[in-house]
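*Asks:* The structure that follows is given in the form of structure tokens.
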Amino acid sequence: MGRRTYSVCPVCLKRIPAERVDEDGGTFLHKACPEHGAFRTILWRGRTDLDAWIGNAEGAPLESPRCPEACGLCPDHLQGTCCVLLEVTKRCDLACRFCFADGGGGAEPAFGDLEAQLRQLAVPGKTLVQLSGGEPTTRADLPELVAAAKAVGCRYVQLNSNGLRLAEDAGYARALADAGLSFVFMQFDGTDDAIHARLRGRPLLAAKRRAIEHCAASNLGVTLVPTVVPGVNTHDLGGILRLAVSLAPAVRGVHFQPVSHLGRIPAPPTDELRFTLDELLAGLERQAEGLLPPGRLLPSHCDHPMCGFHGDFVVGPDGRLAPLSRPRGAGSEGCCGPATADQNRAFVARRWLRPLPVKLEEACCQDLRDLDYFSSRVQTHGFTVTAMAFQDAGNLDLERLRRCSLHVFDHGRFVPFCAYYLSGFPS
Amino acid sequence: MAGERTLICHSCQLALEPRKTDFTYLGHTFYADMLRCPGCGEVFIPEELAKGRIAEVEMQMEDK
């Protein structure tokens, strides 16, 4: 017997019972649809002990038949909104193999409609809004949208972008920064152009490097966001992290996203096309040996532990990552209870924002044991290594979904990310 | 530090002296100039340090 939960049929998306079962050295989701048959999907490959990773984060399964069909945050949801995503366009200047939002055109939202939505979603002084798409920079009025988000009280405005427009001229990054943009999440899949060509259709490395330089010139922090796909870039996890750390403080962190099969996908996924969170963790620690201290990537406290990890570091004067958080197994998981969305938002914003260029390393010596140097260095060179494993119709577990803190806003409704983009596989 | 005043160690009756002092906080080892008794080694942590730089470090390291 495994742990009972609920999922959906990957074909018709109807809610069905499911079970998380340990077998063959891993953990699988078993479920059966009366119409479309039985399904078994890998969840965890046993590189890290799943029970220890989850700790005491799970309660009894939700029995509400409304979830996820009638999704929009409801009293059964267990987490508040940490980050809210607003789609500002469906247009995109790339045609990627995988795209959760599936791009592909459609009517462009009017500025007035987006401004009204920003007003609805904002909690003045608190909200972290992600302007997403499509590719948001395809909108000529993006700087005005950033300014509108700030005007209605959003505390942080994040841009999710492939970086191509940012690479074109430094003045564009300046315009966004002047409008109030806080930081950029930049798609960045590898240190080798062959990876970009396979995933995004063309070599992009030089453009990404230029985009990072342009953001740096405007004091905009950049977090690199690789989509990790088996057989494409799983060998480059350490390479991406090394490059990112070498680009600190312009680059503030790396946010790994194992591929999820939402929206546009090349084919229904087999287990070989999945890269589980524990595989990512093990691969990253192995490939980044000597740079990334082992055991410092911790289960998400804000979302479900199977949905992500986070590590908090400072890039030392020797170019290595010095850990700020406690090691795994030292009381850092399970016993501390979940973080609130407010706590998480404050944490990520503190790291992803670049401080104004004041109070820089005024201490006598560049030694992290010096209290003054440490304090200023963490502000300027704080660095996060994080991951988010989105769920799709194959591996969706409603208990994980209930803990989601990343919500898409769509005309009055806040919807957990993986519920909003959930899409059925072809039968 | 503590302004113009001379602070005296209650046990040793010796004047505290500014010294580079190692200390461990939140699992990290730091050093800072602090007033220390040359006799027993007792350290005086002024309010401005506790509520200022140390609090700032604590906030920087606060996990989510």
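The values are calculated or read from the model by the stated rules, or taken from the named source; none is laboratory data. Computed from a predicted model, the values in this text were never measured in an experiment. Because the Cβ atoms are built from the backbone with ideal geometry, glycine has one as well, and the counts that use them run over all protein chains shown.
*Asks:* Could you run through the range A:52-80 and say how many residues are assigned to a helix (DSSP H, G or I) and either among the hydroxyl-bearing types (Ser, Thr, Tyr) or farther than 23 Å from A:Arg296 by Cα (or both)?
*Replies:* Selection size over the range A:52-80: 0.
*Asks:* Further, regarding this structure: Would you confirm whether any residue within the range A:152-161 is of a type in the set (D, E, K, R) and not in a loop (DSSP other than H, G, I, E, B)?
*Replies:* no
*Asks:* Next question, about the same structure. How about the range A:14-51: which of its residues are among the acidic types (Asp, Glu) and outside any loop (DSSP other than H, G, I, E, B)?
*Replies:* Of all residues in the range A:14-51, those among the acidic types (Asp, Glu) come to A:19, A:22-24, A:35, A:49, A:51.
Within the range A:14-51, A:Glu19, A:Asp22, A:Glu23, A:Asp51 qualify.
*Asks:* Next up: Can you pull out the residues in the range A:1-13 that are free of Cβ contacts under 8 Å to residues at least 60 places away in the same chain and part of a strand (DSSP E or B)? Quick ask: steps written out before the conclusion?
*Replies:* So the first thing to find is which residues in the range A:1-13 are free of Cβ contacts under 8 Å to residues at least 60 places away in the same chain, and the list is A:1-4.
Listed by number, the residues that qualify are A:Arg3, A:Arg4.
*Asks:* Same structure, new question: If you take the residues in the range B:19-64 that are within 8 Å of chain A (Cβ to nearest Cβ) and assigned to a loop (DSSP other than H, G, I, E, B), which one is surrounded by the most Cβ atoms within 10 Å (Cβ to Cβ)?
*Replies:* Among those residues, the one meeting the criterion is B:Lys64.
*Asks:* Another question, then. Scan (1) at pLDDT 95 or above; (2) outside any loop (DSSP other than H, G, I, E, B); (3) among the aromatic types (Phe, Trp, Tyr) for the single condition A:Phe347 breaks and write down its number.
*Replies:* (1)
*Asks:* While we're looking at this one, here's another question. Which of the numbered conditions does A:Arg252 fail, given that it passes all the others? Conditions: (1) in contact with a Ser or Thr (Cβ under 7 Å, 6 or more places away or on another chain); (2) among the charged types (D, E, K, R); (3) in a loop (DSSP other than H, G, I, E, B).
*Replies:* The failed condition is (3).
*Asks:* Determine which member of the set B:Arg19, B:Arg53, B:Arg36 is more than 30 Å from A:Ser405 (Cα to Cα) and out of contact with any strand residue (DSSP E or B) (no Cβ under 6 Å at 6 or more places or on another chain).
*Replies:* Selected residue: B:Arg53, the only one of B:Arg19, B:Arg53, B:Arg36 that is more than 30 Å from A:Ser405 (Cα to Cα) and out of contact with any strand residue (DSSP E or B) (no Cβ under 6 Å at 6 or more places or on another chain).
*Asks:* If you don't mind, another one. Please go through the range B:1-18 and pick out each residue that is in a loop (DSSP other than H, G, I, E, B) and surrounded by 12 or more Cβ atoms within 10 Å (Cβ to Cβ).
*Replies:* B:Met1, B:Ala2, B:Leu7, B:Cys9, B:Cys12, B:Leu14, B:Leu16
*Asks:* Going by what's in this entry, would A:Arg97 be described as without any contact (Cβ under 8 Å) to a residue 40 or more places away in the chain and farther than 28 Å from A:Pro299 by Cβ?
*Replies:* For A:Arg97, the condition - without any contact (Cβ under 8 Å) to a residue 40 or more places away in the chain and farther than 28 Å from A:Pro299 by Cβ - is not met.
*Asks:* Return the total of residues in the range A:72-101 being among the hydroxyl-bearing types (Ser, Thr, Tyr) and over 30 Å from A:Ala167 (Cα atoms).
*Replies:* We begin by selecting, within the range A:72-101, every residue among the hydroxyl-bearing types (Ser, Thr, Tyr); these are A:81, A:89.
Subset that is over 30 Å from A:Ala167 (Cα atoms): A:81.
Final tally of qualifying residues: 1.
*Asks:* Take the residues of the range A:314-323 that are within 22 Å of the chain's Cα centre (by Cα) and away from every other protein chain (no Cβ under 11 Å): which is surrounded by the fewest Cβ atoms within 10 Å (Cβ to Cβ)?
*Replies:* Only one residue fits best here, namely A:Leu321.
*Asks:* Mind listing whichever residues of the range A:381-427 are over 17 Å from the mean Cα position of the chain (by Cα) and of a type in the set (Ser, Thr, Tyr)?
*Replies:* Answer for the range A:381-427, where residues must be over 17 Å from the mean Cα position of the chain (by Cα) and of a type in the set (Ser, Thr, Tyr): A:Ser423, A:Ser427.
*Asks:* Go through the range A:285-304 residue by residue and tally those that are touching a strand residue (DSSP E or B) at 6+ places or on another chain (Cβ under 8 Å) and more than 18 Å from A:Cys83 (Cβ to Cβ).
*Replies:* Summing the residues that are touching a strand residue (DSSP E or B) at 6+ places or on another chain (Cβ under 8 Å) and more than 18 Å from A:Cys83 (Cβ to Cβ) in the range A:285-304 gives 7.
*Asks:* Same structure again: When you look at A:Ala216, is it in contact with a strand residue (DSSP E or B) (Cβ under 9 Å, 6 or more places away or on another chain), in contact (Cβ under 8 Å) with a residue 24 or more places away in the chain, surrounded by fewer than 20 Cβ atoms within 10 Å (Cβ to Cβ) and within 27 Å of A:Phe347 (Cβ to Cβ), yes or no? Give the derivation first.
*Replies:* Details: in contact with a strand residue (DSSP E or B) (Cβ under 9 Å, 6 or more places away or on another chain): yes; in contact (Cβ under 8 Å) with a residue 24 or more places away in the chain: yes; surrounded by fewer than 20 Cβ atoms within 10 Å (Cβ to Cβ): yes; within 27 Å of A:Phe347 (Cβ to Cβ): yes.
When the stated conditions are applied, A:Ala216 passes them.
*Asks:* Only one of these conditions is not met by A:Asp370: (1) touching a helix residue (DSSP H, G or I) at 6+ places or on another chain (Cβ under 6 Å); (2) over 28 Å from A:Leu284 (Cβ atoms); (3) within 14 Å of chain B (Cβ to nearest Cβ). Which number is it?
*Replies:* Looking at each condition in turn, A:Asp370 falls short on (1).
*Asks:* Right, something else. Enumerate the pairs (first residue in the range A:287-311 and within 11 Å of chain B (Cβ to nearest Cβ); second residue anywhere and outside any loop (DSSP other than H, G, I, E, B) and among the small types (Gly, Ala, Ser)) with beta-carbon separation below 6 Å, excluding pairs fewer than 6 apart on the same chain, so at least 6 apart or on different chains.
*Replies:* These pairs meet every condition: A:Ser300/A:Gly308.
*Asks:* Something else now. If the requirement is being under 23 Å from A:His310 (Cα atoms), without any contact (Cβ under 8 Å) to a residue 60 or more places away in the chain and among the hydrophobic types (A, V, I, L, M, F, W, C), which of these qualifies: A:Leu224, A:Leu181, A:Leu205? Let's see the steps before the verdict.
*Replies:* Working: A:Leu181 fails: under 23 Å from A:His310 (Cα atoms); A:Leu205 fails: under 23 Å from A:His310 (Cα atoms).
One residue alone meets the criteria, A:Leu224.
*Asks:* So which residues in the range A:400-413 are buried (at least 19 other Cβ atoms within 10 Å of the Cβ) and in contact with a helix residue (DSSP H, G or I) (Cβ under 9 Å, 6 or more places away or on another chain)?
*Replies:* Taking the range A:400-413 as the starting set, the residues that turn out to be buried (at least 19 other Cβ atoms within 10 Å of the Cβ) are A:400-409.
Across the range A:400-413, the qualifying residues are A:Arg400, A:Leu401, A:Arg403, A:Cys404, A:Ser405, A:Leu406, A:His407, A:Val408, A:Phe409.
*Asks:* Now for a different question. Got a sec? Which of A:Cys365, A:Cys404, A:Cys336 is in contact with a His (Cβ under 8 Å, 6 or more places away or on another chain) and at pLDDT below 90?
*Replies:* Being in contact with a His (Cβ under 8 Å, 6 or more places away or on another chain) and at pLDDT below 90 holds for just one of A:Cys365, A:Cys404, A:Cys336, which is A:Cys336.
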